[in-house]
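Since the structure comes first, as structure tokens, the remarks are kept for the end.
The values are calculated or read from the model by the stated rules, or taken from the named source; none is laboratory data. This is a predicted model, so every value here is computed, not measured. Because the Cβ atoms are built from the backbone with ideal geometry, glycine has one as well, and the counts that use them run over all protein chains shown. Ligands, DNA and RNA are excluded from the accessible area calculation, which covers all protein heavy atoms including side chains. Shrake-Rupley method; radii C 1.70, N 1.55, O 1.52, S 1.80 Å.
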Amino acid sequence: AWYVPCLASLETLQELCRKENLRCKSIGITNRNLKSYEVEYLCDYKVEEGTEYYLVKWKGWPESSNTWEPQKNLKCPLLLQNFLSDKNEYLSRVREGKALKVRNHVKALKPAVADYIVKKAKQRIALQRWKEELNRKKNHKAMILVENTVDLEGPPLDFYYINEYKPAPGINVINGITTGCECTDCPAEKCCPKEAGFILAYNKQKKLKIQPGLPIYECNSFCRCGPDCPNRIVQKGTPYSLCIFRTNNGRGWGVKTLQTIKTNSFVMEYVGEVITSEEAERRGQLYDNQGNTYLFDLDYDSDEFTVDAARYGNVSHFVNHSCDPNLQVFNVFIDNLDLRLPRIALFSTRTIKAGEELTFDYQMKGSIDLTSDSADGLSPSRKRIRTVCKCGAVCCRGYLN
């Protein structure tokens, strides 16, 4: 289904809910504050007759209900801390020497400072709600965090989190597999990879042991083995807590790991809409004009289908490109053995430290690395406007495509 953003403002929705005595957690109206007042954030500051006042935005109430409150009445130390931190951050950026100015014995913040503080508070709330939404929708145990210490950008307005491929009409990503291995202790001689003509992809430590370019065949829903089977890795989802963060060099959002990731470990799957290559060509023209790159060709066996993660995707939507990446692409087959529709898994190429950004090469095709010198080998959806690369790697090729 396609989603349409609500055209009513948050204030309008809050006023309507209160008028009808309705509760709506998503816009901040709960049993706790329907008839009472709770500080949502602080908007402004002034001193009158020696008393400090803060302009308070009340949670679940429109901004027209904001009131000035003396500091002694406020029981919100964290919000006070955020207010002061945002004020100092703004002043340090514009290099102003003073936060206050005196007029008629009244001290007050400059309007530009107060405006920034309000925008930062709204952004903080929006990012918190987005983080909660992402963690509600994910199907793995690891946490997803969100962080922006760079600018005032909030959550993307036209992105919807999914955990698996979303096929376009007419495309079937499940090909009706009805058999599985009979192993009680995988891997056995007749385990799934052996039946497909390949070796087991993982070692006893559940780390990848095959070379790039080779496919991974995991046990499926019809196999006799249980959930602890060593041949069930990708299907369990991301095992590491990750953070979607705002980059400081113009690359938009990125993803960093909050835990150390060992070499050859599964990190995440690349998911999105599965579309035809013809549709990918049409969308690609639009994305190039926007400077975006979200199309991933499923060309393990043919160039018939493409994954588009522009509107629908998971954390991988925010992973940036690097010409010297720490993630490698592998094709995976589990409940679908259609060679035209592999699942795309990203594995670590080396040890990745906690706090390090995750990247993969947007031109990576299994073991084949398509450099700018081999652009003639690209599929039609790749022969378009070239996007400048900002990865900063020593071996940077200069372009994403």
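Axis angle, to the nearest 10 degrees, between helix 111-137 and the longest C-alpha principal axis of the chain: 40 degrees. Across all directions, the average flat footprint of the convex hull enclosing the Cα atoms of region 36-125 is 6.2 nm². Between the listed residues Ala345, Ala142, Ser221, the Cα displaced farthest toward the positive end of the dipole of the chain, a dipole computed from Cβ unit charges relative to the Cα centre, is found at Ala142. In summary, the aspartates and glutamates within cross-link reach of Lys194, defined as a Cα separation below 18 angstrom excluding same-chain residues under 8 places away, comprise Glu182, Asp185, Glu218, Asp335, Asp338. Among the listed pairs Lys19/Lys119; Lys19/Lys122; Lys207/Lys236; Lys72/Lys107, those with a Cα-Cα distance over 20 Å are Lys19/Lys119; Lys19/Lys122. Taking amide H as placed 1.01 Å from N in the peptide plane, Tyr399 has its amide H under 5 Å from the amide H of Cys389, each at least 5 places away in sequence or on another chain. Apolar share of the accessible surface for the chain: 51 percent from carbon plus sulfur atoms, 1.4 Å probe. The modelled label-to-label distance between Asn88 and Arg386, using points 7 Å beyond Cα along the C-beta direction, is 4.7 nm. In terms of overall dimensions, the C-alpha atoms belonging to the chain reach 84, 48, 40 Å along their principal axes, ordered largest to smallest.
A 1.4 Å probe run over the chain, with the rest of the protein chains in place, finds 53 Å² accessible per residue. Placing +1 on the Cβ of every Lys and Arg and -1 on the Cβ of every Asp and Glu, with no other charges, gives the chain a dipole of roughly 1600 debye about its Cα centre. A Förster radius of 22 Å combined with the Cβ-Cβ distance from Asn139 to Ser26 puts the calculated FRET efficiency at roughly 0.55. Within a straight-line Cα-Cα reach of under 20 Å, Lys120 can be paired with the following lysines, leaving aside sequence neighbours fewer than 8 residues apart in one chain: Lys46, Lys57, Lys59, Lys87, Lys98, Lys110, Lys131. Between Leu214 and Glu63, the FRET efficiency estimated from the beta carbon spacing at R0 = 51 angstrom works out to 0.30. Taking 7 Å steps out from each Cα toward its Cβ at Arg224 and Asn73 produces label points 7.3 nm apart. A viscosity of 1.567 mPa s and a temperature of 4 °C, combined with the Kirkwood radius over C-alpha pairs in the Stokes-Einstein formula, give region 45-84 a diffusion coefficient of 119 µm²/s.
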